[in-house]
Amino acid sequence: MTAEGRGAPAGVSRVVVVGAGVVGLSCAWSLQRLGVEVEVVDRGHVGSGSSWGNAGFVSPSLTAPLPEPSILRYGLRAVVDPRSPVALPIPPTARTLTFLARMVGHCTSARWERAMRVYRALNEQIFEAFDEQRAGGVQASTIETDLLVAFRHPSEAGGVLAELQGVAATGQEVAVEILTGDQARAVEPHLSAEISTAVVVRGQRYITPSAYVSALAHQVRIRGGRITEETAVTGVQRRSDRVVVTGTDRELEADAVVLAAGSWLSPLARPHGVRVPVQAGRGYSFTVACHDPLTVPVYLPSPRVAIAPDGDRARLAGIMEFADADAPPVRGRIPSMVRAVRPLLAGMDLDDRADEWVGPRPLTSDGIPLVGATRTPGVFVAGGHGMWGVTLGPLTGRLLAGVLVTGRAAPELRPLNPLR
Ligand SMILES: Cc1cc2nc3c(=O)[nH]c(=O)nc-3n(C[C@H](O)[C@H](O)[C@H](O)COP(=O)(O)OP(=O)(O)OC[C@H]3O[C@@H](n4cnc5c(N)ncnc54)[C@H](O)[C@@H]3O)c2cc1C
């Protein structure tokens, strides 16, 4: 079998996409551009997975594989320190432990560098894919910005600078500048006097994710696509030259199906030969009132919290909780985020919280997404984007739509082969 799997059946004219997150909707949108009729099916509603309350950073300079050597340190802290931004349910399930053991195997410098080369080929096309959606009528702003990565102690900056150097070592353009605490506060006055150092990452973007997925869904509908909500797909089967999607209340037929079910991907994709498991890395977010609008997005690596402007409020997103995607939110998580960031921020009312949210990042153990054909002709996968599904969603849609229509994967998609 080729790296592209079995490819698309000839003459794809109707496709069902399972999952109305940023990835599934981007696939639907790109397929429509190529003249394909689409129906998107979601067990909940548009954006009901991870695509709604995330941080909304569109930041190629930071878009890198999750498994890297420092994860091991965080993993150990998670076991011993309940305040850690990385959390494991107690007791962890066997499935989670197996996933983590596999991820640990990828936490070496050599594997990170290899995976980073895969990301590099994607990262250079990220803005172009967003611009294409914008030019094609998706009416949600992607705002050009610098990002501020801020530290309490200068010694904390080393890890982030090393990672940015690793990104730059692949040949990707990365423009950074180191600021003192005062210089950082001049850029973003919501940083407290505790911040001593910051790294400015130039030339990034951000979106408001809820507005973005809503605009994408609107465009899919305007172009004649159907979005069927509150319908859980239970399986996908090949029957002669069609693919049949079985749902709770009806069967859907199509020439091809794209499984873009986020953290719920594995049970749907495994019967089609996809053995790389997808595990939920749940994060939490909320918005708070600010005295003045935030000027730029900020990342605080020590508590692992990202902060993005959200109208006249700020959205704070963080925590990596390896748990079941459908488990109820853990009550103490948001208060622990608040305790961790309170000393580092100023001019934000962290007690005036709204929009509290939990969502599952779809993680793969090797940190590389799963995008392409499966061993079942006509069944495709688009998922496992982990920390970076918003950033990579529009590009994934564009590249996968190309595979469905031509039967061939672009070279940069080959390492994302779901059958690896
Ligand atoms: C706290 C936090 C912060 C983040 N910050 C960023 C960021 O700044 N930048 C960035 O690029 N990424 C970020 N991410 C990651 C990003 O949110 C995800 O990678 C991305 O949203 C994944 O999109 P998706 O479409 O693959 O999955 P999802 O958005 O989870 O969508 C999957 C959809 O499939 C549906 N579904 C599942 N099973 C079925 C079924 N059986 N039948 C029908 N429908 C089904 C679900 O209901 C869901 O709507 C963050 C994530 C979190 C949690």
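Every read-out reported here was derived from the displayed coordinates using simple, explicitly stated rules and does not represent laboratory data. On a predicted model such as this, the values are computed, not experimentally measured, just so you know. Here the Cβ positions follow ideal geometry from the backbone for every residue, glycine too, while neighbour counts run over all protein chains shown.
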Distance between the stretch 361-389 and the stretch 183-224 - C-alpha centres, whole angstrom: 25
Return one quarter of the surface area of the convex hull spanned by the alpha-carbon atoms of the stretch 264-420, equal to its mean projected area, in nm². 10.6
With unit charges on the beta carbon (Lys/Arg positive, Asp/Glu negative), name the residue among Leu148, Ala211, Ile222 whose Cα is farthest towards the positive pole of the charge dipole of the stretch 116-241. Ile222
In a Gaussian network model over the chain where Cα atoms closer than 10 Å are linked, find which of Thr391, Thr142, Thr406 has the largest mean-square fluctuation. Thr406
Under 5 Å, built H, 5+ apart or other chain: amide partners of Val305: Leu300
Enumerate the amide H contacts of Val233 below 5 Å, restricted to partners 5 or more residues apart or on another chain; note that Pro and chain-start residues carry no placed amide H. Arg43
Expressed as a whole percent, how much of the Cα-Cα distance distribution for the stretch 191-252 exceeds 13 Å? 78
From Cα pairs below 8 angstrom and at least 6 apart in sequence, can you work out the relative contact order of the stretch 195-320, rounded to a whole percent? 14
Post the alpha-carbon centroid distance, the stretch 289-323 to the stretch 113-151, in whole angstrom. 19
Relative contact order of the chain (C-alpha contacts under 8 Å, at least 6 apart) in percent is 29
Two-decimal Rg/Rh across the chain, once Rg and the Kirkwood Rh are taken from alpha-carbon atoms: 0.96
Low-density loop cleavage sites - trypsin sites (Lys or Arg not before Pro) in the stretch 305-383, where at most 16 other Cβ are within 10 Å (DSSP): Arg331, Arg375
If you place +1 on the Cβ of every Lys and Arg, -1 on the Cβ of every Asp and Glu, and leave all else neutral, what size is the dipole of the chain about its Cα centre, to the nearest 20 Debye? 1320
Considering the dipole of the chain built from charges on the beta carbon (Lys and Arg +1, Asp and Glu -1) around the Cα centre, which of Ser263, Leu392, Gly283 is farthest to its positive end? Ser263
What does the C-alpha gyration tensor say about the overall shape of the stretch 25-179? Classify as rounded when a/c is under 1.5, otherwise prolate if a/b is larger than b/c, or oblate. oblate
Report the per residue volume, in Å³, of the convex hull enclosing the C-alpha atoms of the stretch 115-253. 196
Exposed GluC sites (Glu not before Pro) absent: longest stretch of the chain, with sites in DSSP loops and at most 12 other Cβ within 10 Å deemed exposed: 231-420
